[in-house]
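What follows is a short report on a single structure.
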Amino acid sequence: MNGRKNKHFRVILGLLLGLNTLMAAAQTPAFPQRCGIVFREQTLESRDPRRSEKRRLLNEKIESYIRTQSEQAPSARVGEVVYRIPVVVHVVHSNSSGFIGGTGNSNISDEQIASQIRVLNEDYRRMANTRGFNTNPIGADTGIEFYLARTDPDGSTSNGITRHYYPQRSSFDVYNASSGDDLLLSQIAYWPSDRYLNIWVTTLRNDYLGYSQFPAAENYDGLNPTENELTDGVIIDYRYFGSEIGAVTSPTYRYGRTTTHEVGHWLGLIHTWGDDVCGNDYCNDTPPTEGPNQTTECPEKFSNCNGVRTRNQIENYLDYTPDACMNLFTQDQKARMRAVIEVSPRRQRVVKSSEPLPQTEKLTVNVFPNPAQSQTTLEVLFTGFQSFLVQVTDLAGRIVKTQRYTDSPSSSITIPLSTLQNGYYIVKVSTDKETTARRLLVY
Ligand SMILES: [Zn+2]
């Protein structure tokens, strides 16, 4: 929700909520807390007194970017380029046997890691016939994809997984601000955070499933990396990384949604309750919510915010509900994550350093699926970076969608079709030198 309230009132409520959370943690909850980002941010703020001010500035940029975007009529645009994010998974374990995989083994298998990357793509792309699909009218395919990096920072071939036997520690405590365990993890393994999404998978203490780091507004200075850069990524307990495989045995958190949630924070999303009683998450299509729904099943829950009773969006990935309840990113959450990729310099660089789609000597245009129902993918392949124009026309020659893409590599573009009537259309792509057209059937 996106609301304004008396500031003092909010501060007091925030303190009370924080106190409650602290007390709950001190009493050792019956099951782990889903997410430790609030405490993680406190650690980062204690290291950098300007951090909250920087986050506020980034938020202004995000909001302003979203306003500019929404001034254009979305139905007249062709569609959005799919962002692809290279991921490196650092497995930090204390298992001296060298044995990989299995229940209770923090040296998790490649298959367990692959299952997590699959879940990320199912959830962020709202893929049909997977747990990440929903028919919610405000549900979004975010157009963001993830893949295990195929080259390391030196350019050598890699499978995007690094393994580190670290016998000095059987577990890590990111919760404790003074311990600095996030910096320790970064010392054990780190790839530049402006080229990769770093995911550290290890054993966590203090009953948190995972932690994340919000994006930053400052420019990247490769020569003098700040602590903030070195710890930029996601930290997940090995027992909740992946879906129903290997070390993932929790009945409540077994479908890999801990990482879906934490990567949401890494892309700038805030919890649905705005980390406050009826707080602000800067998304209008997530209803106002009193607090987290940390449950073991998926019961309907309601909030009373500003005198209005609303249903809590327990299916939202940014809630605390069990993995089985979740299947939703909203349209506004999608807009926010995509804005973060455009306005946060480090996130922008990660996307730009993703492996480009194949380059072709001649302009090549693929449309799939075709025939298509609610959306289709347009693949535009050529050499190097070029500007190109996409026009979708009906058989009478009327332009129904048009959009210009500037200085892009070979790209994949998602075209929503729900505003189009059934029938044949022509998708025409023109670069400065070439034009190619494909026929598309919408049914
Ligand atoms: Zn969270």
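The values are calculated or read from the model by the stated rules, or taken from the named source; none is laboratory data. It should be emphasised that the depicted structure is a prediction, and the values quoted were computed from it without experimental measurement. Because the Cβ atoms are built from the backbone with ideal geometry, glycine has one as well, and the counts that use them run over all protein chains shown.
In the set ILE100, ILE113, only one residue is in the same structural domain as ILE199 (by TED's automatic domain parsing), modelled with pLDDT of 95 or more and assigned to a loop (DSSP other than H, G, I, E, B); that residue is ILE100. Within the stretch 60-86, residues that are within 16 Å of LEU267 (Cβ to Cβ) and outside any strand (DSSP E or B) reach partners that are modelled with pLDDT under 90 and not charged (D, E, K, R) with beta carbons closer than 7 Å, at six or more positions or on different chains, in the pairs LYS61/ALA217. In the stretch 223-252, what residues are within 16 Å of the ligand (Cβ to nearest atom) and farther than 26 Å from TYR282 by Cβ? Of everything in the stretch 223-252, those that are within 16 Å of the ligand (Cβ to nearest atom) and farther than 26 Å from TYR282 by Cβ turn out to be ASP237, TYR240, PHE241, THR252.
Of all residues in the stretch 411-427, those that are buried (at least 17 other Cβ atoms within 10 Å of the Cβ), of a type outside the set (Gly, Ala, Ser) and in contact (Cβ under 8 Å) with a residue 60 or more places away in the chain total 5.
Within the stretch 137-171, the set of residues being surrounded by fewer than 16 Cβ atoms within 10 Å (Cβ to Cβ), polar (S, T, N, Q) and touching a Ser or Thr at 6+ places or on another chain (Cβ under 9 Å) comprises THR151, THR157, GLN168, SER170, SER171. Within the stretch 161-207, the set of residues being within 16 Å of the ligand (Cβ to nearest atom) and modelled with pLDDT under 90 comprises VAL174, TYR175, ASN206, ASP207. The sole residue among GLY233, GLY155 that is at pLDDT below 95, assigned by TED's automatic domain parsing to the domain that holds GLN42 and out of contact with any Asp or Glu (no Cβ under 7 Å at 6 or more places or on another chain) is GLY155.
Within the set ARG347, ARG338, ARG311, the sole residue that is closer than 16 Å to ASN136 by Cα and not hydrophobic (A, V, I, L, M, F, W, C) turns out to be ARG311.
Selection over the stretch 280-300 of residues that are surrounded by 22 or more Cβ atoms within 10 Å (Cβ to Cβ) and closer than 21 Å to VAL119 by Cβ gives a count of 1. Annotation: of all residues in the stretch 184-210 being touching a His at 6+ places or on another chain (Cβ under 6 Å) and surrounded by fewer than 19 Cβ atoms within 10 Å (Cβ to Cβ), the one that is farthest from THR260 (Cα to Cα) is ILE188. Would the stretch 296-319 turn up any residue that is more than 16 Å from the ligand (Cβ to nearest atom), among the aliphatic types (A, V, I, L, M) and not in a helix (DSSP H, G or I)? Yes, that holds for at least one residue. Kindly indicate the residue of the stretch 357-372 that is more than 15 Å from SER411 (Cα to Cα) and more than 26 Å from the chain's Cα centre (by Cα) and also surrounded by the fewest Cβ atoms within 10 Å (Cβ to Cβ) among those meeting that condition. The selected residue is PRO371. Residues of the stretch 258-279 include none that is more than 14 Å from the ligand (Cβ to nearest atom), surrounded by 23 or more Cβ atoms within 10 Å (Cβ to Cβ) and in a loop (DSSP other than H, G, I, E, B).
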